[in-house]
Amino acid sequence: MAKVKQIRRLVAFGCSLTYGHGLADCYQENGREGPNPSIQAWPHLVSAKLKLQYDNRGIPGGSNKEIWHAIMTSKFKEGDCVIVLWSYINRSCMIFEDHIDKYGLWRGSVRSKKWLEHQFNDYDATVDLMGRVNHVEHYLNKKKIQNWHYFADHYCAKQNIFPQYNSEDKMFCRNNIDFARDGQHPGAKTQKEFADKIVKDPTGPAVNFSFI
């Protein structure tokens with residue numbers, strides 16, 4: 001029998017869907033996220049089902065470029081595994097030495113509008129995303145860190161050139177069951193549905209590994 005890898009901690013990366021922005025314990029009256037990730041978000045729910053410690057490194061408003069950067073600059077421990085919920089493709093950022101400037105529809109800035117108008121198209125953004133996914137996968141595999149990848153943007157599932165990810169098993173919930181307190185982000189029931197999807201994924205983290 002093949003030796004199974006013992007996993008102690010789940011490290012989760014993603015955007016506000018991972019952080020849990022808007023959930024009851026992660027909401028401020030001005031609409032901003034709370035100071036700490038929500039325990040109603042999927043990282044806590046998945047780790048509880050798998051009896052693991054966890055570290056939620058979700059980035060509210062994070063683009064796939066920023067998520068990639070966070071993974072590549074993170075420190076990991078022996079016994080870590082990584083789950084990434086990649087964000088929406090119509091976001092980006094510019095990384096400076098001391099800060100990150102975010103671009104996206106919700107930002108409303110002139111730079112965001114110019115970026116969307118002149119430097120964005122769906123197909124190019126999907127190709128860029130898959131390059132980052134493959135880079136992260138290779139990087140973590142070399143470190144012998146088990147990793148699994150899921151996607152918030154269902155446009156990715158339409159691309160025939162990346163068949164390994166063209167599956168509903170790898171996508172965030174297509175329709176929200178409920179909404180968080182801010183009326184925009186997914187609510188606790190939707191988060192639970194996605195956590196259950198991860199646990200039931202036939203190629204996901206609950207398969208063929210021991211957790212201690």
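Rule-based calculations on the coordinates, nothing more; no lab input. Keep in mind that what you see is a predicted model, and the values were worked out from it rather than measured. Cβ atoms come from the backbone with ideal geometry, glycine included; neighbour counts cover every protein chain shown.
Worth pointing out:
- Protection proxy ranking of 95-102, 163-170 - average other beta-carbon atoms within 10 Å, highest first: 163-170, 95-102
- This model, with +1 at the C-beta of Lys and Arg and -1 at the C-beta of Asp and Glu, gives the chain a dipole about its Cα centre of some 600 debye.
- Distance (nanometres) between label positions extended 7 Å along Cα→Cβ at ASP128 and GLU78: 3.9
- Using 0.36 nm per residue and subtracting the Cα-Cα separation, the extra length available between ASN121 and ASN175 on full extension is 17.1 nm.
- Ellipsoid semi-axes in whole angstrom, largest first, where each is sqrt(5λ) of the Cα gyration tensor of segment 86-204: 25, 21, 15
- Building the convex hull from the alpha-carbon atoms of the chain and averaging its projection over directions returns 12.4 nm².
- Using C-alpha pairs under 8 Å with a sequence gap of at least 6, the mean separation divided by the residue count of the chain gives a relative contact order of 26 percent.
- With contributions of -39500 (n - 2.57) from each DSSP H run of at least four residues, the per-residue ellipticity at 222 nm computed over the chain stands at -9000 deg cm²/dmol.
- Applying 1/(1 + (r/R0)^6) with r as the Cβ-Cβ distance of HIS154 and GLN6 and R0 = 30 angstrom yields a FRET efficiency of 0.30.
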